[in-house]
Amino acid sequence: MARDSVCDVVVVGAGVVGAACAYYAARAGLDVVVVDRGPVAGGTTGAGEGNLLVSDKPPGPELDLALLSTRLWRQLAAEPPFARAVEYEPKGGLVVASEERGLAALNALADEQRRCGVEAEPVAADRLRDVEPGLAPGLAGGVFYRQDAQVQPALAAAYLIREARAAGARVRTGETVTALLRTPGGALRGVRTGRGELHAPAVVNAAGVWGGEVAALAGATLPVRPRRGFILVTQPLPPLVRHKVYAADYVADVASDSAALQTSAVVEGTASGPVLIGASRERVGFERGVSLPVLRRLAAAAIGLFPALATVDAIRAYLGFRPYLPDHLPAIGPDPRAPGLVHACGHEGAGVGLAAATGLLVARVLLGEPAPLDLAAFRPERFAPPGAHTRRGEDAQPAEETEASKC
Amino acid sequence: MLIRLRFGGTPRRPAAARPGTAFALSVDGERIEALPGHTIAAALWRAGIVSWRRTRGEARPRGVFCGIGVCFDCLVTVNGRPNQRACLVPARPGDAVDTRAGTGLGGDET
Amino acid sequence: MNGVTRPQSPDGVLRLAVIGAGPAGMEGAVRAADGAVAVTVIDAGPAAGGQFHRQPSPLLHALPPASQARLPSWSPSWLPSPALAPHRAGRGWAALKSRFDRHVAAGRVRHLADHHVWFAERAGGGFRVHALVGPAQQSSIRVDADALLLATGAYERVLPFPGWTLPGVVTAGGAQAMLKGSLVLPGREVVVAGTGPLLLPVAAGLAEAGAVVKALIESADMRALLRPAPALAAAANPGKLAEAAGYAARLAQYRIPVRSRHVVVAAHGGERVEAVTVAALDALGHVLPGSQQRISCDSLAIGHGLLPHLGLALTLGARVEDEPAPAVVVDGEQRTCVPALWAAGEASGVGGAALAQVEGEIAGRSVAAWSRGPRRAWQDEDHARSPAWTSAERRRGRRREFFAALDAVYARDVTWAERVDDDTTICRCEEVRAGAIRRVLRDDAASDPRTVKLLTRAGMGWCQGRMCAPAVAGLLAERSAARERGGAEGGGAPGPSALVSSRPFARPVPLGVLATLPPDEEEGTDEQP
């Protein structure tokens, strides 16, 4: 068996989550091969805003994950080339409420978040424009979240991939995983791609919105679905929006299960000048058509927060598909239905922010070391119907795959 | 009036147009003349000005490049409205043209 | 498309929207209106004509010059006719304009001049086109139509070289557009350079307007044009070849030195261009060592052919190809793969004004036939023996062949990338240099334009990659060739073409305009301000 077709772990997916998994695994000494059918950051990562947020997460497992990730991103940022290479900006987030009732709910959420370690400072109405001078007058108040930060997501993925390669990882883009190879006992032993077989005792499913398809190759059910979002991009601007600024109803939209269109204003400047305007959520499959009603609502909501944007040009718009799971939590950890398969997908709109923690946790799982966080809430098999666990997947595996296992 | 084509301010050859009366506009407060039918870019060229913007990254001078509204290199502030394509906007008497650096919106001049 | 039921307008008249009022759009509008279709033409120009028939502003009251500058009919359709003269196609233009104007006067064609289309979408079984109004562009109207003809024209392709961002370096067509529209020149001493049939009339036009054209630098072998190859001779009619040959005389008359198989390798200057360095190419297209020569000048008009505007077609879901040249894919009647969507002129393949006009004719008549019955095609009417169809198809075929033969003379500049050092700016808007792009191609295995954009910002700026796309494609090809030489597997050609990328907005649109569009519930009426 040629050296280049054997490794310790195959990471499927070169988005920011796969990149982080490769980074932490390779730095821990594992021999890693990253495979992606497209380029680095070619899927949802390249269509994201690059939010590293704790502010939008109520207390619970996702907030714990986000807090861990925030610490890890900061550690990464301590590596000298990182901040410039990925446009890392630890600028903080400002959540604003337009009415008293919304403000009360926001403050109540902030109280709970503070108890979990979130730095959340109330900002009185008359101080809002000290924090963010371009804000519309008349807002009821807000909360400032110092830990919120931003990266340019494609650059972050590329940086982590480069660093993983420096630690020995190999990266094969433009190569599609067509099958997962398994032993007669059902354990994973590698992948088959369009260019041949790659043998490894572990496979990481970091295929994002296509994570369900990779899981299905092992006969496992993982109901990852796309939730479409649009982003409007303005002309380059002088500093107009200093922080990530969003309306308090965003948190409710994130947590919503509705398939219908939801929009809430999320506005942020970028290191490169343009302001990014989100966020919309709708379940329309992989429909790529541009929706003017969505863009209209995004523009109106952004102007509602920052009136000066009314005369600013939008120069482009793009869309992406957030990989969401029914309970809005990612799938992270080993899949008991297919030993050797470790999931790292389904992060919905928080993949960039949660990537660092996910990568570290996956590396710990691969090394058999204790994780710094309880993975129970992220168990990939949590969606399977009762009693349908474990060896179910093997039956679905084509005979050919099990036979090809003698090497 | 028989106009002359202008090249950086130097007339060369009698040209063949009988435009209306020249009018004034200002560029960063300085007066230049334009002819009815000119775009802002044409008025600037006629006055011998080929660059009126500096880039926001490297502060390099820029002016007309594509001449048909596609490249956005000729952006200029006209009557306080930033980032207008000089090659498309008609010049009007009394127009105030501001050359600006960076994003064209102030606050980031280099 | 034939299977689609024709949408029924309230008054039973089919509504066609035409985007672009160049030769293709005007002819298409006229032919559709001849067939009782209600036409709305939406165009950014202040007057109909497009880039090819660009007229000096009427306010300049331009008069014909003493000597006649002529524009060959095979010139790219967006090329403005020389500054001070009605061109040779003047009679054809006058006839087209008069037919167009008659329909406008009769209310059969509505001409929305100075309307800038920023978005087009499928709506209610047809299309809805959104356009910003007037130079202010602070309000948007919409036009609802049952059928849509894209006649969106082209813009100039420029391959970068050191110094190409200096003021005074302009596109060849841009110099001509400024001259034609406003009677101004970029400078006193001009070098015209690049490749393609556009350069000849531009050089002649600038000289005629009084500029000293210091040199015409053409990377192709112009002997093939002046002593045409059999393919060109066969495809051309004698008149066209006479036009081409006439340029030799024109250039000689103005004492313009012509250097074929030469390229501009750099432009020099601080605040504006002061000189260019040109060099000769060897048989394989590499710069001949020691052939560099400096030419002082105060402006450079440069162009490397044309690229069609394809953004609206892509947004609407039409199939677009990038080989052999970027174009919307159309059938014999200029229909795209999207029902009720036609494309003509440079949008369906760059080929010059004469080709654009006959394509517009075919598209317009096809729309008219479709309006008479949902499954009708023009060529099927009259028992498939329509002499008009046969004639139009023949004319289109001849013009396509001629342009293809002409295009073959101006072979692609395959060695361009080797003349671009890492310091050369590639993306003018975001100031991304070649070295930064080569780095992500090498270090991040980027192999497609989108990844290059995400990792370098090349193509993310104001022009949305329209200017740098050919260069990014060239650098991708350079990397791909290097990988193949290195024996790497899967190097392959660049992925999706850098020249054909989707852009939802055809131009920037103020957020305030976007925010105040009428909401869906209330939509459906035409032209809500």
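Taking all protein chains into account, the per residue accessible area for the stretch A:192-283 stands at 28 Å² (1.4 Å probe). Calculated FRET efficiency, A:ARG382 to A:VAL6, Cβ-Cβ distance, R0 = 41 Å: about 0.80 to the nearest 0.05. Most fluctuating residue of A:GLY46, A:GLY29, A:GLY186 in a GNM of chain A with Cα springs under 10 Å: which is it? Result for chain A, Cα springs under 10 Å: A:GLY29 fluctuates most. About the centre of its Cα atoms, the protein assembly as shown shows a dipole size close to 3240 debye [charges on the beta carbon of Lys, Arg (+1) and Asp, Glu (-1) only; nearest 20 debye]. The C-alpha atoms of chain A define a longest principal axis, and helix A:351-367 lies at about 30 degrees to it.
Only protein heavy atoms count here, probed at 1.4 Å, and on that basis chains B and A bury about 500 Å² of accessible area in total. What FRET efficiency do you get for C:SER296 and C:ARG372 if R0 is 45 Å and r is their Cβ-Cβ distance, rounded to the nearest 0.05? For R0 = 45 Å, the calculated efficiency reads 0.10.
Quote the total accessible area buried by chains B and C together, excluding ligands, DNA and RNA, probe 1.4 Å, nearest 100 Å².
Numbers: alone 6720 and 22370 Å², together 24650 Å².
Between B and C, the summed buried area is about 4400 Å².
Each label was represented as a point 7 Å from its Cα along the Cα-to-Cβ direction; for C:SER139 and B:ALA22 these points are 3.6 nm apart. Computed over protein heavy atoms with a 1.4 Å probe, the carbon and sulfur contribution to the accessible area of the protein assembly as shown reaches 52%. Based on protein heavy atoms only, the stretch C:158-304 ends up with 31 Å² per residue of surface accessible to a 1.4 Å probe. A crude spin-label estimate for the pair C:GLN253 and C:LEU314, with each label 7 Å from Cα along the Cβ direction, gives 4.2 nm. Shape analysis of chain A yields a ratio of the Cα radius of gyration to the Kirkwood radius, Rg/Rh, of 0.99. Interface residues of the stretch C:174-213, defined as a loss of at least 40 Å² in heavy-atom accessible area between the chain alone and the complex of all protein chains with a 1.4 Å probe, are C:MET178, C:SER182, C:LEU183, C:VAL184, C:LEU185, C:ARG188, C:GLY210. Basic side chains Lys and Arg get +1 at the Cβ, acidic Asp and Glu get -1 at the Cβ, and with that the dipole of chain A about its Cα centre reaches some 620 debye. Overall shape: oblate for the stretch C:158-304, with the ratio a/c of the largest to smallest alpha carbon gyration tensor axis at 1.5 or above and b/c at least equal to a/b.
Only lysine pairs 8 or more places apart, or on different chains, with alpha-carbon atoms under 20 angstrom apart are counted in the protein assembly as shown, and they number 4. The calculated FRET efficiency for C:ALA408 paired with A:THR178, based on their beta-carbon distance and R0 = 41 Å, is about 0.45. Once the partner protein chains are put back, the stretch A:280-316 shows a loss of at least 50 square angstrom of accessible area, versus the chain by itself, at A:VAL290, A:LEU292, A:ARG296, A:ASP313, A:ALA314, A:ILE315, A:ARG316 (probe 1.4 Å, ligands and nucleic acids excluded). Only protein heavy atoms count here, probed at 1.4 Å, and on that basis chains A and C bury about 3100 Å² of accessible area in total.
Dimensions of the protein assembly as shown along the principal axes, based on C-alpha atoms and rounded to the nearest Å, stand at 90, 69, 67, largest first. Over every Cα atom in the stretch A:98-166, the radius of gyration and the widest Cα-Cα span, Dmax, amount to 17.1, 52 Å.
In this rough spin-label picture, where each label sits 7 Å from Cα along the Cβ direction, the C:ASP421-C:GLU393 distance is 5.6 nm.
The values are calculated or read from the model by the stated rules, or taken from the named source; none is laboratory data. Owing to the predicted nature of the structure, the values given are computational and were not obtained by experimental measurement. As a convention, Cβ positions derive from the backbone with ideal geometry for all residues, glycine included, and neighbour counts pool all protein chains shown. Each accessible area value is taken on the protein alone, full model and side chains, heavy atoms only, with ligands, DNA and RNA left out. Shrake-Rupley method; radii C 1.70, N 1.55, O 1.52, S 1.80 Å.
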